[in-house]
Amino acid sequence: MCDTIINIVNIVGKEVVRTVVGLIGVFIVVLGNAIMLTWTERKVAGHIQRRIGPKEVGPFGLLQSFADSVKLLGKELLTPANVEKPLYYLAPTLIFVPVLVTFVVIPFDGFLQVKDINTGILVILAFSSLTVLSILIGGWGSDNKYSLIGAVRSVAQNIAYEIPLLLSLLPIIFMANSFSLRDIAEAQRGVWFVVYQPIAFLIFFVASVAETNRTPFDLPEAESELVAGFHTEYSGMRFSLFFLAEYTNMFIVSAIAVTFFLGGYQGPVLPGVVWFFIKTYALVFVLLWFRWTFPRVRFDQLLNFSWKILIPVSFLNLLVTGGILKI
Amino acid sequence: MALATKIIEEFKPEFKSVDIAEVPYEKQGYHLAIEARTGNLLNIIDFLDRRDFYIIDLFCVDYQEYLELVYFFSTHRELCRIKVTLKLDPEKPVAPTISNVYTIARWYEREIHEFFGVYFEGHPNLTYLFLHEEIGHYPLRKKHVAVPDHDKKLLNSFKPHEEENSFFINLGPQHPSTHGVLRVVLKMDGEYLVSAEPVLGYLHRMHEKMAENRSYMQFLPNPARMDYPGALLFNLAYVEAVEKLCGIEVPERAKYIRTITCELNRIASHLLWLGAFPADLGALTPFMYAFDDRENILDILEDVTGSRLTYCYFRFGGLYNDINEETFIDATKRFIERMRERLVMYDKLITGNVIFINRIKNIGILEQGQAKKYGFSGPVIRSTGMPFDMRKVDPYAAYGSIDFEIPTGHIGDNMDRYLVRMKEIEVSLNIIEEGIKRLPSGPFKTEKVPKKLKPPKGDIYNAVESTRGETGVYIVSDESDTPYRMRWRVPSYSNLMTFPHLARGVLIADAIATLGSYDIVVPEIDR
């Protein structure tokens, strides 16, 4: 048995096997994460709102998400009459590409990584911008004014918040002297970067809330204004793909924040991968907490906040860091 | 009363040929009656406008030989209700419009036009307000009158007239933040609103016509269906009007219990709004918190009235049932204690939130001067700094003997409307506490009320302060056991009328915050 596997590995090459196994692992993590997070969000929301949350299906309602997925899978895929069909169909599928690609470079542990690309962070930033493209074509193709407004909002928001996001990561890249996520995690063996760069961490976290369209920056899907924003016309499994992507994005931004600022997989006693997940889900919990506590900001406030506060501050932070490192 | 005398003195020299009569206020609910004619109506309106009278209500009564337009006026500073009537020929009813003086009349006149077939000369947009345009007759006329063929109205529903750089959005009838089935047609320029036009009638059930076909007793449950969150207050408005009309005395105990239960209902209604308003701003959690508190009130009221939402508790001459001294008072006291703690918590959770403050401060500013034109009332007018509250202006039930303050705002923005309502919850708690302290013993209803009420000929206007403002009911009796005509003056109607004015040129998010701050109830507007 073992020999056979080794033979196969020798024939197709180690890298290929690693990538395939890794991708399967990524799929499992993505789905498991989404299912866990829907349950967690409902539980957290429930307890914040003095309710219990799901409790009927399975122990503590743990199987609720499975029941929901089955329900969503069984639903008819409704296509409204006047939609731009190619765009309408493409959007929910396209939203998954960046999600999967960004997972490839995230180091879950010292060696638990699908592929260590030496420009890892650039890959993440480049592909995460694709999310907004699929939101745009989804909103555009839906032939619904609410969807269109949601999509346009999403584009403006993403352009505004991608800049501080990048600017807040640059000081870390200076300090670690590398674009590779593993190197950055390794560089925090002694002290976490959040100690040197608290401002950058805050800016990154705020910007990532906006990137994932979560309250208080959930304007593209603001339900009290735009019904459901860009996914108003989507139902059934197509809707749940948008949903899945949102939860995965939450995981990704938290994972990047952990890798860049909170020491990545570093931690005493427990294995690295456990530390990684603990830290990531702690941040995800904060995101959930935000959603059930804050009202939504207004659109002009959102843009002003980015252009007038976050971007100047992150530039300043970058300059100071650069200056100190040079000295 | 002093004002009424002054008005008569000033009125007589200016209009020598017009009849002005003083009316016994206790019996009919208004002070003066003026009989206008088509020729001098506008002058009379102008006379009242100069003296800062606001229009309470405008409606029509079909007396078969003639149609009578009834204009009700009063002032915000002092109670002086004036009924101006205008007789019209039922064959060719035409009246001048007053909508250029009182903006709210634009809607009232449209309503009269669709229900009675009255034409208003000079009205900017005389289309149907509530009804479907294919209805074919005028429903509130006593005889069947068909809509003339040449007058089949254009669809009042919207004919989009798309221009460059703007587009239309239908906000509602099914939309998460229109609180029921209100439809607002928004003309938008990107995220900004160019104009907003409410389209009413999706919940129109014609309660006013129903009243004409039911005995006074049978109509009792109907008012609760108009304003479901504040059902008891509408119930009270109706019951008191009929009591005044028939001269039925109410025992003191019943008056106090009415006051206490009404204030409980007011808190419940404000809590419903407290849940919905932050939800309009994207904060979903206060909703559950407010409902948690509201549940306590519903339990208390269920114990007394037997229902949880659409109460029908008051009867002519008293109540349906006496309260249970022990359980009711205990539960209410416990609730007051709990609610006071919770108000502190709400203050921490909502009022201090930076995002919340930035979203509603200085947004949707209503000026005090506009109250006259639009006739808005309740927390909306109090937020502009005007302490106008029917409970103080025209005390009913036991409000006259209980001392309470009227919370007011400063500039009339969304924040003020929020703060006024929050303070009103506090004031209501004080009123309940005071009421329980003074609750007299004795009978809870008058025994002498006949089963079949046949009030004497005449009319009555009675107003109460419901949770959303001045709620009035006008009844014309013809000595039969059914009302000849019943008219409801509902506060959300005139409150909503200001929305097109406030929504011009603002962001859609602000418009929705403003709409939420009004606390409109659509079934009440549509009736």
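The values are calculated or read from the model by the stated rules, or taken from the named source; none is laboratory data. Just so it is clear, the model here is predicted, and its values are computed rather than measured. A quick note on method: Cβ atoms are made from the backbone with ideal geometry, for glycine too, and the neighbour counts reach across all protein chains shown.
Brief remarks follow.
- Qualifying residue in the range A:186-208 (condition: within 14 Å of chain B (Cβ to nearest Cβ), under 16 Å from the mean Cα position of the chain (by Cα) and not hydroxyl-bearing (Ser, Thr, Tyr)): yes
- Checklist (1) within 14 Å of chain B (Cβ to nearest Cβ); (2) under 19 Å from A:Arg214 (Cβ atoms) applied to A:Arg51, failing item: (2)
- Flag if B:Glu434 is at pLDDT below 90, charged (D, E, K, R) and surrounded by fewer than 23 Cβ atoms within 10 Å (Cβ to Cβ): yes
Here is a yes/no grid of residues against (1) more than 20 Å from the chain's Cα centre (by Cα); (2) over 13 Å from B:Ile432 (Cβ atoms):
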residue	(1), (2)
B:Asn235	no, yes
B:Phe291	yes, yes
B:Ser307	yes, yes
B:Leu319	yes, yes
B:Glu326	yes, yes
B:Glu337	yes, no
B:Arg342	yes, yes
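- Considering B:Leu507, B:Leu502, the condition of being surrounded by fewer than 21 Cβ atoms within 10 Å (Cβ to Cβ) and either closer than 19 Å to B:Ile381 by Cα or within 14 Å of chain A (Cβ to nearest Cβ) (or both) is satisfied by B:Leu507 alone.
- Residue within the range A:108-120 that is under 28 Å from A:Trp275 (Cα atoms) and not in a loop (DSSP other than H, G, I, E, B) present: yes
- In the range B:291-385, counting only helices (runs of 4 or more DSSP H) that sit wholly within it, the ones holding 3 or more residues that are free of Cβ contacts under 8 Å to residues at least 60 places away in the same chain span B:325-346, B:354-360.
- Scanning the range B:1-20 for residues being outside any helix (DSSP H, G or I) and among the basic types (Lys, Arg) gives a total of 1.
- Some residue of the range A:244-255 being aromatic (Phe, Trp, Tyr) and out of contact with any Phe, Trp or Tyr (no Cβ under 8 Å at 6 or more places or on another chain): yes
- Among the residues of the range A:278-295, those that are within 14 Å of chain B (Cβ to nearest Cβ), within 30 Å of A:Val29 (Cβ to Cβ), of a type outside the set (A, V, I, L, M) and crowded, with 19+ Cβ neighbours inside 10 Å comprise A:Arg291, A:Phe294.
- Single residue of B:Gly369, B:Gly306, B:Gly378, B:Gly364 found to be within 14 Å of another protein chain (Cβ to nearest Cβ) and either surrounded by fewer than 21 Cβ atoms within 10 Å (Cβ to Cβ) or within 30 Å of B:Leu58 (Cβ to Cβ) (or both): B:Gly364
- Pairs, first at positive phi in the range B:433-458, second outside any loop (DSSP other than H, G, I, E, B) and of a type in the set (D, E, K, R), C-beta under 6 Å, six or more apart: B:Gly442/B:Arg253
- Candidates A:Ala207, A:Ala160, A:Ala200, filtered to the one that is in contact (Cβ under 8 Å) with a residue 24 or more places away in the chain and surrounded by fewer than 22 Cβ atoms within 10 Å (Cβ to Cβ): A:Ala160
- Test for A:Asn304: is it within 14 Å of chain B (Cβ to nearest Cβ) and farther than 23 Å from B:Ala279 by Cα: yes
- Here the condition is being outside any loop (DSSP other than H, G, I, E, B), more than 30 Å from B:Tyr474 (Cβ to Cβ) and within 14 Å of chain A (Cβ to nearest Cβ); of B:Gly275, B:Gly282, it holds for B:Gly275 alone.
- Residue check for B:Asp478: within 14 Å of chain A (Cβ to nearest Cβ), touching a residue at least 12 places away in the same chain (Cβ under 8 Å) and more than 9 Å from the chain's Cα centre (by Cα): no
- Filter pass, B:His410 being surrounded by fewer than 20 Cβ atoms within 10 Å (Cβ to Cβ) and either within 14 Å of another protein chain (Cβ to nearest Cβ) or without any contact (Cβ under 8 Å) to a residue 40 or more places away in the chain (or both): yes
- Set B:Glu249, B:Glu191: member being charged (D, E, K, R) and more than 26 Å from B:Glu325 (Cβ to Cβ): B:Glu191
- Residue in the range A:167-178 that is away from chain B (no Cβ under 14 Å) and in a loop (DSSP other than H, G, I, E, B) present: yes
- Residues in the range B:188-200 that are crowded, with 21+ Cβ neighbours inside 10 Å and more than 14 Å from chain A (Cβ to nearest Cβ): B:Pro198, B:Leu200.
- Filter result for the condition that a residue is within 17 Å of B:Tyr396 (Cβ to Cβ), touching a strand residue (DSSP E or B) at 6+ places or on another chain (Cβ under 7 Å) and not small (Gly, Ala, Ser), over B:Arg468, B:Arg489: B:Arg489
- Helices (runs of 4 or more DSSP H) within the range B:203-262 that include 1 or more residues at pLDDT 85 or above, among the acidic types (Asp, Glu) and in contact with a strand residue (DSSP E or B) (Cβ under 9 Å, 6 or more places away or on another chain): B:207-212, B:231-246
- Residue in the range B:43-55 that is part of a strand (DSSP E or B), hydrophobic (A, V, I, L, M, F, W, C) and modelled with pLDDT of 85 or more present: yes
- Whichever residue in the range A:124-141 is among the hydroxyl-bearing types (Ser, Thr, Tyr) and at pLDDT below 85 and, among such residues, is nearest to the chain's Cα centre (by Cα): A:Ser128
- Taking (1) part of a helix (DSSP H, G or I); (2) more than 14 Å from every other protein chain (Cβ to nearest Cβ); (3) without any contact (Cβ under 8 Å) to a residue 60 or more places away in the chain in turn, A:Phe230 satisfies each apart from (3).
- Output for the range B:165-197, where each listed residue is more than 21 Å from B:Met497 (Cβ to Cβ) and assigned to a loop (DSSP other than H, G, I, E, B): B:Asn165, B:Ser166, B:Gln174, B:Pro176, B:Gly190, B:Glu191
- Filter pass, A:Gln64 being within 14 Å of another protein chain (Cβ to nearest Cβ) and at pLDDT 85 or above: no
- In the range B:123-141, the qualifying residues are those that are at pLDDT 85 or above and either farther than 27 Å from B:Tyr102 by Cα or out of contact with any Gly (no Cβ under 8 Å at 6 or more places or on another chain) (or both), and the one that is surrounded by the most Cβ atoms within 10 Å (Cβ to Cβ) is B:Leu140.
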